[in-house]
Amino acid sequence: MCGIVGYLNLKNKPVKDLSKVRDMLMIQKHRGPDDSGLRFFSLKNASSIEFNFENPLSPDTDFEGVLGFNRLSILDISENGHQPMVSPDSSVILTLNGEIYNAFNYKSELIDWGYRFKSTTDTEVVLALYLKYGFEHMMQILNGMFAIVVIDLRKQELFIARDRFGIKPMYYFANDDMIAFSSEVKSFKYIDGIDFKLNYEKVDEYLLFRSLYKGTLLSSIELLEPG
């Protein structure tokens, strides 16, 4: 199943409340019982650091964003499949919830291109495809059910996407101060300023289709629309 969670402060305000960050991730721990990871990142400073669950000290550098992942290990159950996954030069961070059916069709091509794989996961194939082709072309050639978050520290960009039918959920909240995203809505209850009030006009649509074409299920919280 797996689960993604994270947010980015848009006004360079550092992430300081580690308890809330951990709560956002742990409330959906059932989505990924095999492993959990948190990575703080800064688009401003083009840097990131892995959170140490055993020694949860505040990062000594200001990071305005955080990305977390709960993993259900299927392809490559070793620690090499740990997420958030980082590119060899640490400039790109990626999480993938789901399965890419045609991922391994590109592996030989990527090896010939010069990428050296450390895992046998489809996640790393997607990471390598992003490094080679960029986000738009990568999305055009992926076939699968997925929710993906890519953080490119080189370009100071954050990308969030899900499969075209919304098989893998991805909710987001955005205002002038921040953008937050999660595989489950309940992670947002740990973020200040979000109104956890049900939008009754959209309940029947959500129960019927398991997604919303437009509008919100909760006040100020939206599903990524099908592409």
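Consider the stretch 15-28 and keep the residues that are surrounded by fewer than 21 Cβ atoms within 10 Å (Cβ to Cβ) and at pLDDT 90 or above. The one that is farthest from Ile74 (Cα to Cα) is Asp23. Could you say whether any residue in the stretch 95-113 is within 20 Å of Val5 (Cβ to Cβ), of a type in the set (Ser, Thr, Tyr), out of contact with any strand residue (DSSP E or B) (no Cβ under 7 Å at 6 or more places or on another chain) and touching a residue at least 24 places away in the same chain (Cβ under 8 Å)? Within the stretch 95-113 (the criterion being within 20 Å of Val5 (Cβ to Cβ), of a type in the set (Ser, Thr, Tyr), out of contact with any strand residue (DSSP E or B) (no Cβ under 7 Å at 6 or more places or on another chain) and touching a residue at least 24 places away in the same chain (Cβ under 8 Å)), the answer is no, since none of the residues qualifies. Within the stretch 156-190, the set of residues being more than 16 Å from the chain's Cα centre (by Cα), surrounded by fewer than 15 Cβ atoms within 10 Å (Cβ to Cβ) and closer than 20 Å to Ile27 by Cβ comprises Lys189 only. Does the stretch 85-100 contain at least one residue that is outside any strand (DSSP E or B), at negative phi and crowded, with 21+ Cβ neighbours inside 10 Å? Looking for residues that are outside any strand (DSSP E or B), at negative phi and crowded, with 21+ Cβ neighbours inside 10 Å, one finds none in the stretch 85-100, hence no.
The set of residues in the stretch 139-152 that are within 19 Å of Gly166 (Cβ to Cβ) and either more than 10 Å from the chain's Cα centre (by Cα) or small (Gly, Ala, Ser) (or both) comprises Met139, Gln140, Leu142, Asn143, Gly144, Met145, Phe146, Ala147. Sort out which residues of the stretch 29-46 are crowded, with 16+ Cβ neighbours inside 10 Å and either part of a loop (DSSP other than H, G, I, E, B) or of a type outside the set (A, V, I, L, M) (or both), and write them in order of number. Arg31, Gly32, Asp35, Ser36, Gly37, Arg39, Phe40, Phe41, Ser42, Leu43 - these are the residues of the stretch 29-46 that are crowded, with 16+ Cβ neighbours inside 10 Å and either part of a loop (DSSP other than H, G, I, E, B) or of a type outside the set (A, V, I, L, M) (or both). Taken as a whole, the structure leaves Asn70 outside the set of residues that are modelled with pLDDT of 85 or more, surrounded by 13 or more Cβ atoms within 10 Å (Cβ to Cβ) and part of a helix (DSSP H, G or I).
The values are calculated or read from the model by the stated rules, or taken from the named source; none is laboratory data. Here the structure is a predicted model, which is why all the values come from computation and not from measurement. Using ideal geometry, Cβ is built from the backbone for each residue, glycine included, and neighbour counts are taken over all protein chains shown.
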